[in-house]
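This report refers to the structure that appears directly beneath it.
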Amino acid sequence: MRFLWTAVFVIGNAALAGYAGAQDAQHAAHYDVAKAPEIASGYTSKNGWTAQKYMVVAANPLAAEAGYRMLKQGGSAIDAAVATQMVLGLVEPQSSGIGGGAFMLHFDGKAVQAFDGRETAPAAATEKLFQDANGKPLPFYDAVIGGRSVGVPGVLRMLELAHRQHGTLPWKSLFVPAIQLAEKGFAVSPRLFTLLQDERFLKKDPVALAYFYNSQGQPWPVGHILKNPELARTLRAIAEQGTQAFYAGRIAQDMVDKVHAHASNPGTLALKDLADYQAKAREAVCADFEKWTVCGMPPPSSGGIAIAQMLGILENTGIRSLPPTNGELNPEAVHLFTEAGRLAYADRERYIADTDFVPLPGNSFMPLLDKTYLAGRAALISDKSMGSAKPGTPPGMQVAWGADHSPELPSTSHMSIVDGRGQALSMTTSVEDAFGSRQMVDGFLLNNQLTDFSALDKDANGPIANRVQPGKRPRSAMSPTLVFDRQSKQFVMAIGSPGGSVIINYVMKVLIGNLDWGLDLQQAINLPNFGSRNGATELERGRFSDATLDALKAKGHNIRIFDQTSGLHGITRTVVNGKSVLFGAADPRREGVARGD
């Protein structure tokens, strides 16, 4: 088979004093990078699901049901993704929706396509967008709340582009489940209720206040039937007229008016920004490791490159021979994994940004994945933790870039889908921070994705690659990933997760757990979360023994323990009793399930 790589966090209530693009470690300390993108809302054990023909795994049962309905009708993976996303935006609005963006990898049985629906900066945005009069980064929530942080939403145009190529059911039919739920109402889930209880800013928007809270200003309780007729009206227009109904006309004008009308923090989003937005097809980042070909998203996502780097670095270590014992991770495996993460994140912070504006070293992702380069990076790993790694100098590097410490705390969701034709996709979707910019219009929330840019535009080393520029897409850590058998080219896995800049470590944990340690997908997802973003060694609260902590400390690890609310949702094709079956798994830390036949 020939492969064609076609161009195609809620932070708790702690105030963040600084953010995106701190020029050094002192600036980086202004915000707490240990906070999870979304607060924990419980842990529910799951055993995984099997299916013979098709399957969808998503972060909410109602969303998974919507995708399943499309697959059952003979729809494609793309058809199911549209239906699933529309319901996610209704029932899980803290994490994604039509006011946000997404990245998607799609496999049609022959080729892998990378679809980019990332938001863009308005034409009137400047490099100083998130700086005060003295050139210092604005306090994080001073930047987030209001219109300033709103980028041009991209998820709808991305899905429309993919549907034109791979959809089989009529576009209009894909919106039926979400419209029905919006009109008839859905039960508020425990997770939505928990996040609303923790939320501080949403009530400041009168529209959001009236929708999410009762007359006493309390969030609607679990089980309350919440109706959203405004969103039903919006979705019906998009279903009947296509995405043009969103990017022009009444809805577009409503978004622009909302962004400009904020009393203290207006933005610059314009009708022309919306009209000009284009989803993009880019070359997927695919690389071979051991028996596998692993494909991820290219820039402006950093996920594909960082994961490929970590896999390439760890290929030079003995981590494969260090599986967990009874669910307890081997301290040496944690050491190797976190050291590889430090090296990959160091390169990520220095080099990765929107390649339509900022070239990669050698004008390609290949120098960063060069086997000799990664072997040299792996050689930096010793018996002691390096603490903080420096970026390397990959082949072809000609430009000196400044250091970026953008916090990237997006509230995000993920879905994985395989259809009856063998097509598969992995899609990660986001509005950035929980409930985005906290600006609600026409039944949906607007993103605050522009705060994924660096607030500073340069430092002593040079311009920062991920600085704000008009029309540019902010760097992301979203890591939708597809895995194939290296020899047969057959589909093996679709995986991804929410989690801000920690997403890379979440997905890597599953890849190592499944591909190297032989765990089934649910077991790999259930493993404790751990890793490093080129700082402390970050461990999931309550999941590591004192013996493991002591062993890591003996190796010089500075340990930070906190809730790590991943939302890993994936599908593998495996063999059970001699038959090929689909196995779906959902993160016990969230409300996701799998549906399939």
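Just a few scattered comments:
- All of (1) under 21 Å from Q449 (Cα atoms); (2) surrounded by 24 or more Cβ atoms within 10 Å (Cβ to Cβ); (3) among the hydroxyl-bearing types (S, T, Y) hold for T84 with one exception: (1).
- When the range 533-588 is filtered for residues that are surrounded by fewer than 16 Cβ atoms within 10 Å (Cβ to Cβ), not in a strand (DSSP E or B) and not charged (D, E, K, R), the ones remaining, listed by number, are G542, S545, A547, A554, G556, N558, N577, G578.
Residues checked against (1) crowded, with 17+ Cβ neighbours inside 10 Å; (2) at pLDDT below 95; (3) of a type in the set (G, A, S):
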position	(1), (2), (3)
P331	yes, no, no
F337	yes, no, no
G341	yes, no, yes
A346	yes, no, yes
A353	yes, yes, yes
G362	no, yes, yes
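- Count of the range 288-299 residues which are of a type outside the set (S, T, N, Q) and in contact with a strand residue (DSSP E or B) (Cβ under 6 Å, 6 or more places away or on another chain): 6
- G420 passes every criterion in (1) surrounded by 24 or more Cβ atoms within 10 Å (Cβ to Cβ); (2) at pLDDT 95 or above; (3) in a loop (DSSP other than H, G, I, E, B); (4) more than 17 Å from the chain's Cα centre (by Cα) apart from (1).
- From the options Y141, Y68, Y43, Y54, residue that is within 22 Å of V441 (Cβ to Cβ) and not small (G, A, S): Y141
- Condition check for N326: exposed (fewer than 15 other Cβ atoms within 10 Å of the Cβ), within 25 Å of the chain's Cα centre (by Cα) and at pLDDT below 95: no
- Qualifying residue in the range 367-390 (condition: part of a helix (DSSP H, G or I), modelled with pLDDT under 95, under 18 Å from V285 (Cβ atoms) and basic (K, R)): no
- Residue count, the range 325-356 (criterion: in contact with a Gly (Cβ under 9 Å, 6 or more places away or on another chain) and among the hydroxyl-bearing types (S, T, Y)): 2
- Within the set A162, A133, A125, A143, the sole residue that is over 18 Å from V431 (Cα atoms), out of contact with any Pro (no Cβ under 6 Å at 6 or more places or on another chain) and at pLDDT 95 or above turns out to be A162.
- Exclusive hit being more than 25 Å from T50 (Cβ to Cβ), out of contact with any helix residue (DSSP H, G or I) (no Cβ under 8 Å at 6 or more places or on another chain), of a type in the set (D, E, K, R) and modelled with pLDDT of 95 or more, set R560, R533: R560
- Within the range 284-298, the residues that satisfy the criterion of being more than 10 Å from L311 (Cα to Cα) and surrounded by 21 or more Cβ atoms within 10 Å (Cβ to Cβ) are A284, V285, C286, C295, G296, M297, P298.
- Segments classed as strands (runs of 3 or more DSSP E), wholly inside the range 429-531, with at least 1 members that are surrounded by fewer than 24 Cβ atoms within 10 Å (Cβ to Cβ): 439-441, 481-485, 491-495
- Listing of helices (runs of 4 or more DSSP H) fully contained in the range 3-91 that carry 3 or more residues being at pLDDT 95 or above and of a type in the set (V, I, T): 77-91
- Where helices (runs of 4 or more DSSP H) fall entirely within the range 212-317, those with at least 3 residues that are over 30 Å from I381 (Cα atoms) and among the hydrophobic types (A, V, I, L, M, F, W, C) are at 229-241, 249-261, 271-276.
- Selection status of L445, of a type outside the set (G, A, S) and under 28 Å from Y68 (Cα atoms): yes
- Selection status of L209, crowded, with 22+ Cβ neighbours inside 10 Å and of a type in the set (A, V, I, L, M): no
The values are calculated or read from the model by the stated rules, or taken from the named source; none is laboratory data. It should be emphasised that the depicted structure is a prediction, and the values quoted were computed from it without experimental measurement. All Cβ positions, glycine included, derive from the backbone under ideal geometry; neighbour counts span all protein chains shown.
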